[in-house]
Amino acid sequence: MKLLKKVHMIFFMLILISIISIAAYVKSPSMFAKNKVQTSPTAQVKSDLSQIDKQKELEDKQKLEELAKVKENQLIEQRNKSEKDAALKKQKELEVTQQLDAKKKLEVQQKTKALEEQKKLEEIKKQEVAAKQTKSVQQKQITSSKKETSSIKATPVATPIAVPKPKLLIDKISGKGNAQQAIVVTSNSPGSVSVTITTFEKVNGTWKQVSSFAGNIGRTSFTYNKVEGDGHSPIGIFSLGTAFGRYVSPGTSMNYRQSTTNDFWVDDVNSPLYNTWQQGPANNRWNSAENMYIPQYNYGFVINHNTSSRTPGKGSAIFFHVWSGPGQGTAGCTAAAQSNVISTLKWLNPSKSPIIIQGSMSDVLKM
């Protein structure tokens, strides 16, 4: 009886265990589903956050690009404004320079005109004096003829005395050789940089004055012993070399060379190319040279001082060129207003062996 009771107990426990196992098995899928349902919203949130971050990053990138574009446009506008301001400034400076040149040209023309009028007045006075002298001689002769009582015939009227025409300055210079054109440069006072430039031409065996205008010479006036860098203009009679300028020939018959930014006149006394026109770069051929592309060299010509022997230290780059203004001394050249330089270049004729004579009036008269 006890044994049977134990068997029934064991059988009951096995059935209970089976029921619990089946219940557990049935319940486990619903738990898994519950866990799945609970985890799904978390993943979606993470996905949404990632997309929001990407959208924000894209927006930030677009904002940066827009900001960079705005800054670039501002820089372009600023650069354009700077270029425009620079162009306006340059144009204004050019206009001021042109006005100053026009004013200086007018002043020179007025001075030249006044000088010519003064010369005309002096010539008229000389003619009046000569006429008075002639009239006086005639009156004396008439008076003398009336007093003669022994002569039946009337005394003829005396022939008027011819008054010799004053000699031109060029006629007083004996060292001009066979030249038929001459430019004479004379200082107005000792040590002065202001000079009078007079041009003469020989026509049918007679010298005639062509023009006269104001000019400048070296800042320390004239000298017989020119030294490199002393600021003196050399005294003497010189032939003319090549004509030159930054622009095309103004219509001169002289050999003409148009300069560029790469043209230089060597003034290095230690260079074998001393006192010659060369093209850059220097490449150790010289250590010092005159830039041939500057406003003063808009037009000009070479004065042949020390161009044959090219003795080092005896002076280089001696030109006739455009001045910087009345009374502005040069480094040793002779200078005048650009209009006068151009008219002189047009007048010069190499077939007439043109020369330039320069020095103080007393020096020139000794030549």
Using only alpha carbon pairs under 8 Å that are at least six residues apart, calculate the relative contact order of segment 207-301 and give it in whole percent.
23 percent
Taking Cα centroids, how far is segment 262-335 from segment 3-22 in Å?
132 Å
Distance cut-off 24 Å, Cα to Cα: go down the list 125/165; 125/366; 165/208; 104/314; 172/208; 111/346 and report the pairs above it.
125/366; 104/314
Report the calculated FRET efficiency for residue 290 and residue 339 (r = Cβ-Cβ distance, R0 = 22 Å), to the nearest 0.05.
0.40
Debye, to nearest 20: dipole size of segment 273-367, +1 on Lys, Arg Cβ, -1 on Asp, Glu Cβ
200 debye
List residues of segment 217-239, by number, whose backbone nitrogen lies under 17 Å from a label position 7 Å along Cα→C-beta of residue 107.
217
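Bear in mind these aren't lab numbers, they're just calculated from the coordinates by the rules spelled out. Since the structure is predicted, the reported quantities are computational estimates derived from the model, not experimental observations. Methodologically, a virtual Cβ is constructed for each residue, glycine included, from the backbone with ideal geometry; neighbour enumeration extends over all protein chains shown.
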